[in-house]
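To start, the structure under review is shown below, and the notes come after it.
The values are calculated or read from the model by the stated rules, or taken from the named source; none is laboratory data. Nothing here was measured: the structure is a model prediction, and the numbers come from that model.
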Amino acid sequence: MAGKQRGRPKFEEGQALSRRIACRVRPDEEDEVRAAADAAGMSLSEWMRAAIVAAARKARRKKASKKKSRRKS
């Protein structure tokens, strides 16, 4: 086994998950989020990242479309 590297492969530049965002939730909210992640076949972290990023993108699109509609008026 000499010379064989162990562990997961290194991430490409800029792809490593190096930041944390903390969020406190009630027990019933945690149950809901864990159930959603499980139903999606994802880990809790994967599901939360996907949900947060999707919500952020949606909010930015909504804000951008409001700015465009104000310019047309």
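Of the numbered conditions (1) part of a helix (DSSP H, G or I); (2) basic (Lys, Arg); (3) modelled with pLDDT of 95 or more, ARG24 fails exactly one; give the number of that condition.
In the conditions (1) part of a helix (DSSP H, G or I); (2) basic (Lys, Arg); (3) modelled with pLDDT of 95 or more, ARG24 misses (1) alone.
For the list (1) in a helix (DSSP H, G or I); (2) more than 12 Å from the chain's Cα centre (by Cα), I need the number of the one condition that ALA54 fails.
The failed condition is (2).
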